[in-house]
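**Student:** Mind looking over this structure? Questions follow.
The values are calculated or read from the model by the stated rules, or taken from the named source; none is laboratory data. Because the structure is predicted, anything quoted here is derived from the model rather than measured. Cβ coordinates were reconstructed from backbone atoms using ideal geometry, including for glycine residues, and neighbour counts include every protein chain displayed.
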Amino acid sequence: MMKLDQVVPFGRSLDEYIHMFSLGAADLQKSILSVADGPASFNAEGTAKGYQIQSCDPLYVFEADEIRDRFYAVLDDIITQVENTRDSWVWQYHASPSELRAHRIEVAERFYADYTQGKKAGRYTVGTLPQLSDSASSYELSLSSHFLFLYSEQFDTAFHIAAIQEMLRVSAEARIFPLLALNQRRSPHILPVTRHLERLGYQCKIETVDYELQPGGNEMMRVIKAN
Ligand SMILES: C[S@@+](CC[C@H](N)C(=O)[O-])C[C@H]1O[C@@H](n2cnc3c(N)ncnc32)[C@H](O)[C@@H]1O
């Protein structure tokens, strides 16, 4: 089981997801599975707007106050690290480290306010890549924000291939953001993963998006089943 003291439960908002994944009006009407969704407020905000969003993450074995306590325990440390490396980040979407801190708190509180009722409604389910419990082709779109490719050192190429194939088993299209690893370099898995998926008959496209916090981290991978 996941250990909470090894997790940094930082989440992003609906607006950030829209930018990271270039989600247009038609995309937002799709049934969406957001894997590794953690304490993002994408589901809470999207559900309030009538969107069909399902989130999964191993983190959801925990209760709201456990995740909340962990968030506030690591918040200042993380923001201090960001302040100390201020020039290594792009300050556009968030104007400064203090604005980033305020956004992350806003997102976290939005998530906690929705989590318990959302869990009861089945919108937040425990799910761990590379094996999800959903049945095949349940969703039109699946998203992975800040998990695949970001943790390239912790998860190897085979894990990434299996995880993306799993996303495509349960959805018609998968989008992944960012393509940079934690060291801010392009993930070494991109090329072998792309080659492997294309050999299996998938189409992989890399697109520039208008969201960038890690310098050069403004690209998203879109994978679809080729006909
Ligand atoms: C940095 S957070 C990203 C949260 C959210 N997607 C966002 O962008 O705001 C990474 C998430 O990956 C989840 N995670 C870790 N291992 C996982 C696995 N094997 N399968 C799915 N999610 C996993 C963690 O629990 C955590 O919530």
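**Student:** Which one is nearest to F62 (Cα to Cα) among residues in segment 90-111 that are of a type in the set (G, A, S) and without any contact (Cβ under 8 Å) to a residue 24 or more places away in the chain? Don't jump to the end; show me each part of the working.
**Tutor:** Restricting attention to segment 90-111, the residues satisfying the condition of being of a type in the set (G, A, S) are 95-96, 98, 102, 108.
Okay, now just the ones that are also without any contact (Cβ under 8 Å) to a residue 24 or more places away in the chain, so 95-96, 98, 102.
Working: A95: 32, S96: 31, S98: 28, A102: 24 Å.
Only one residue fits best here, namely A102.
**Student:** Another one. Which count do you get for residues in segment 120-145 that are surrounded by fewer than 21 Cβ atoms within 10 Å (Cβ to Cβ), within 20 Å of S13 (Cα to Cα) and near the ligand (Cβ under 9 Å from one of its atoms)?
**Tutor:** 0
**Student:** Give me the pairs, please: first residue somewhere in segment 155-171 and free of Cβ contacts under 8 Å to residues at least 12 places away in the same chain, second residue anywhere and part of a helix (DSSP H, G or I) and among the basic types (K, R), beta-carbon distance under 6 Å, and either six or more positions apart or on two chains.
**Tutor:** Pairs found: none.
**Student:** Now, a different point. Kindly establish whether L28 is closer than 23 Å to M221 by Cβ, free of Cβ contacts under 8 Å to residues at least 24 places away in the same chain and out of contact with any helix residue (DSSP H, G or I) (no Cβ under 7 Å at 6 or more places or on another chain).
**Tutor:** Details: closer than 23 Å to M221 by Cβ: yes; free of Cβ contacts under 8 Å to residues at least 24 places away in the same chain: yes; out of contact with any helix residue (DSSP H, G or I) (no Cβ under 7 Å at 6 or more places or on another chain): yes.
Here the answer is yes, as L28 does meet what is asked.
**Student:** Say whether the condition of being assigned to a loop (DSSP other than H, G, I, E, B) and in contact with a Gly (Cβ under 7 Å, 6 or more places away or on another chain) is met by at least one residue in segment 128-135. Quick ask: steps written out before the conclusion?
**Tutor:** Taking segment 128-135 first, the residues assigned to a loop (DSSP other than H, G, I, E, B) are 129-130, 132-135.
Keeping just the survivors that are in contact with a Gly (Cβ under 7 Å, 6 or more places away or on another chain) gives 133.
For segment 128-135, residues assigned to a loop (DSSP other than H, G, I, E, B) and in contact with a Gly (Cβ under 7 Å, 6 or more places away or on another chain): present.
This table checks each residue for (1) within 16 Å of the chain's Cα centre (by Cα); (2) more than 26 Å from W89 (Cβ to Cβ).
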position: R185; (1), (2): no, no
position: H196; (1), (2): no, yes
position: Y211; (1), (2): yes, no
position: E219; (1), (2): yes, no
position: R222; (1), (2): yes, no
position: K225; (1), (2): no, yes
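**Student:** Determine, yes or no, whether S152 is assigned to a strand (DSSP E or B) and either more than 15 Å from the ligand (Cβ to nearest atom) or surrounded by 22 or more Cβ atoms within 10 Å (Cβ to Cβ) (or both). Walk me through it before giving the result.
**Tutor:** Details: assigned to a strand (DSSP E or B): no; either more than 15 Å from the ligand (Cβ to nearest atom) or surrounded by 22 or more Cβ atoms within 10 Å (Cβ to Cβ) (or both): yes.
No.
**Student:** Could you list all residues from segment 133-159 that are farther than 26 Å from R185 by Cβ and at pLDDT 95 or above?
**Tutor:** Scanning segment 133-159 gives Y139, E140, L141.
**Student:** Here is a further query. Quick one: is R175 more than 22 Å from Q6 (Cβ to Cβ), basic (K, R) and over 15 Å from the mean Cα position of the chain (by Cα)?
**Tutor:** no
**Student:** Let me ask you something else. Six or more apart or on different chains, Cβ atoms under 6 Å: show the pairs whose first residue is in segment 127-151 and over 10 Å from L179 (Cα atoms) and among the charged types (D, E, K, R) and whose second is more than 12 Å from the ligand (Cβ to nearest atom) and assigned to a loop (DSSP other than H, G, I, E, B).
**Tutor:** From segment 127-151, the pairs are E140/K30; E140/A172.
**Student:** Could you tell me which numbered condition Q54 fails, if it satisfies all but one of (1) modelled with pLDDT of 95 or more; (2) loosely packed, with under 12 Cβ neighbours inside 10 Å?
**Tutor:** (2)
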